[in-house]
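Asker: Please read through the structure below; I'll follow up with questions.
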Amino acid sequence: KSALFSALRESEKIMSSADTPDTQPEYSTGFHTALTVIRYIEKYFHTHLTEQSIAKELNFHPYYLARLTKRYFDPTPHRYLMECRINEAIRLMLTTDCTISEAAERSGFSNLSHFSTVFRKHTGMSPIDWRNFEISNGEKV
């Protein structure tokens, strides 16, 4: 995750300092397309978003976008989408009194079982075990 954010920060520096596209030849149209995918996910992760809907919205084939995103930022669009959703669910569970089901729904998961599976893969704990652990350690605000 930190490598992705570092790459995004570096890309923003490069893009803001570039006078013309020719000044940064190593950053192709593919790079900018991949960056657009990442930004799109960050903006709309809480909606019913899929790799197919992103590709349709941006007028590209889903496999092409996955390949570009993986090449420049490492995670595939699907993996990054899941990371954004889990991070939002964690934020909601730490800073609000919403239920786990509400946190899942507000972070873009339409299926609680899928949320629990993805959450466990990301944190190593079920959502309820994670929340209880955080509360017992005084992390809840």
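Asker: Given the conditions (1) under 30 Å from GLU134 (Cβ atoms); (2) in contact with a helix residue (DSSP H, G or I) (Cβ under 7 Å, 6 or more places away or on another chain); (3) among the polar types (S, T, N, Q), which single one is not true for THR69?
Answerer: Here THR69 meets the rest and fails (1).
Asker: Within region 67-78, take every residue that is among the hydroxyl-bearing types (Ser, Thr, Tyr) and closer than 16 Å to GLU42 by Cα and give me the one that is least open to solvent (accessible area, probe 1.4 Å). First the steps, then the outcome.
Answerer: Residues of region 67-78 among the hydroxyl-bearing types (Ser, Thr, Tyr): 69, 72, 76.
If we keep only those that are closer than 16 Å to GLU42 by Cα too, we end up with 69, 76.
Numbers: THR69: 0, THR76: 49 Å².
Among those that are among the hydroxyl-bearing types (Ser, Thr, Tyr) and closer than 16 Å to GLU42 by Cα, it is THR69.
Asker: Looking at region 45-66 only, could you name the residues that are open to solvent by 80 Å² or more (accessible area, probe 1.4 Å), under 19 Å from GLY108 (Cβ atoms) and part of a helix (DSSP H, G or I)?
Answerer: Within region 45-66, GLN52, LYS56, GLU57 meet the criteria.
Asker: Let me ask another. Out of the residues in region 25-44 that are small (Gly, Ala, Ser) and surrounded by fewer than 18 Cβ atoms within 10 Å (Cβ to Cβ), state the one that is nearest to SER101 (Cα to Cα).
Answerer: My answer is GLY30.
Asker: Before we move on, is ARG67 more than 13 Å from the chain's Cα centre (by Cα), within 30 Å of PHE31 (Cβ to Cβ) and modelled with pLDDT under 95? Steps first, please.
Answerer: On the way: more than 13 Å from the chain's Cα centre (by Cα): yes; within 30 Å of PHE31 (Cβ to Cβ): yes; modelled with pLDDT under 95: yes.
When the stated conditions are applied, ARG67 passes them.
Asker: Next up: Quick check on my filter: what residues within region 90-134 are open to solvent by less than 60 Å² (accessible area, probe 1.4 Å) and either of a type in the set (Val, Ile, Thr) or touching a His at 6+ places or on another chain (Cβ under 9 Å) (or both)?
Answerer: ILE90, THR96, ILE100, ALA104, SER107, GLY108, VAL118, THR123
Asker: Can you name the number of the only condition in (1) at pLDDT 95 or above; (2) within 30 Å of GLY138 (Cβ to Cβ) that LEU81 fails?
Answerer: LEU81 satisfies every listed condition except (2).
Asker: Could you say whether any residue in region 79-89 is under 23 Å from PHE31 (Cα atoms), open to solvent by 10 Å² or more (accessible area, probe 1.4 Å) and free of Cβ contacts under 8 Å to residues at least 40 places away in the same chain?
Answerer: Within region 79-89, one or more residues are under 23 Å from PHE31 (Cα atoms), open to solvent by 10 Å² or more (accessible area, probe 1.4 Å) and free of Cβ contacts under 8 Å to residues at least 40 places away in the same chain.
The values are calculated or read from the model by the stated rules, or taken from the named source; none is laboratory data. Just so it is clear, the structure is predicted and the values come from calculations on it, not from any experiment. Glycine gets a Cβ as well: all are built from the backbone with ideal geometry, and neighbour counts include every protein chain shown. Note: areas computed on protein heavy atoms with side chains; ligands, DNA, RNA excluded. Shrake-Rupley method; radii C 1.70, N 1.55, O 1.52, S 1.80 Å.
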